[in-house]
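Q: Encoded as structure tokens, here's the structure I'll be asking about.
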């Protein structure tokens, strides 16, 4: 193994992925402004499951597309993202956005009625899955609703950014059965789950916090 290979292997997936999103924030926002029909329908079911006017967090909010939509439905929304460029775009849409790590959301335990996370858990290394789900359970109040959309699969590793050689993001594509099992172990009751094929295969899970 060369010195270059060793450096690349030691590179932190989260920091490198965050830097990539800082670099492509505006382009990403324009490219993802209109979610497909399946995500729109799933997002609507999540919003309907949360009491009107309740507080929800959008973890990995990116440029604030979903957070703004949820806010328009009368929910109190805070966006959380590690990318400063993304958080600025979300704030420009009127979404209260803070810098933070979705693996450890900085909210009071039991303070959220809902937790939404779309296309964000897929950047969390697989080894961090259980701790992340436990932190999400802790942030939700009993009966709180989780709306999760992430990529399905069984691989993990770097993917180069299209049209931008030299920058890359870490992806962890999760096996649906394994993720559902881990959600159950973390204290979630799955209400529904499904797969949708777009540019990737997406797993959507609607679940509620139960007491364990």
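Coordinate-derived values only; no laboratory data. All values reported here derive from a predicted model rather than from experimental measurement. Glycine gets a Cβ as well: all are built from the backbone with ideal geometry, and neighbour counts include every protein chain shown.
Q: When only C-alpha pairs under 8 Å and at least 6 residues apart count, what is the relative contact order of the stretch 5-94, in percent?
A: The value is 31 percent.
Q: Provide the packing ranking of 190-196, 17-23, i.e. peptides ordered by the mean count of other C-beta atoms within 10 Å per residue, highest first.
A: 17-23, 190-196
Q: Follow-up. Which value in deg cm²/dmol, rounded to the nearest 500, describes the helix-derived mean residue ellipticity at 222 nm for the chain, given -39,500 (n - 2.57) per DSSP H run of n ≥ 4 and division by the residue count?
A: Per the formula, -11500 deg cm²/dmol.
Q: Given the peptides 149-161, 85-97, arrange them by the average over their residues of other C-beta atoms within 10 Å, most packed first.
A: Per-residue mean Cβ counts within 10 Å order the peptides as 85-97, 149-161.
Q: Let me ask another. Along the Cα→Cβ direction, 7 angstrom out, place labels at residue 185 and residue 211. What is the inter-label distance in nm?
A: It is 2.4 nm.
Q: Sticking with this one: Dividing the alpha-carbon Rg of the stretch 1-125 by 2.2 N^0.38 Å yields what?
A: Ratio of Cα Rg to 2.2 N^0.38 Å: 1.15.
Q: Give me log10 I(q)/I(0) at q = 0.11, 0.12, 0.15 Å⁻¹ for the chain, Debye formula, one equal scatterer per alpha-carbon, no solvent.
A: These q points yield log10 I(q)/I(0) values of -0.49, -0.59, -0.94.
Q: If packing is taken as the mean number of other Cβ atoms within 10 Å per residue, what is the order of 134-142, 101-109, highest first? Walk me through the intermediate numbers first.
A: Values: 134-142: 19.2, 101-109: 16.3.
Top to bottom by mean Cβ count within 10 Å: 134-142, 101-109.
Q: Relative contact order of the stretch 130-192, please, whole-number percent, based on alpha carbon pairs below 8 angstrom and at least 6 residues apart.
A: In percent, rounded to a whole number, it is 34.
Q: For a footprinting-style exposure proxy, rank 130, 33 by other Cβ within 10 Å, fewest first.
A: Starting with the residue having the fewest Cβ neighbours, the order is 33, 130.
Q: Mean separation of Cα pairs under 8 Å and 6+ residues apart, divided by the residue count of the stretch 85-212: what relative contact order is that in percent? Display every interim value, and only then the final one.
A: Values: 231 pairs, mean separation 31.6, N = 128.
The value is 25 percent.
Q: Rounded if a/c is under 1.5, else prolate if a/b beats b/c, else oblate: with a ≥ b ≥ c from the C-alpha gyration tensor eigenvalues square-rooted, which is the stretch 74-151?
A: oblate
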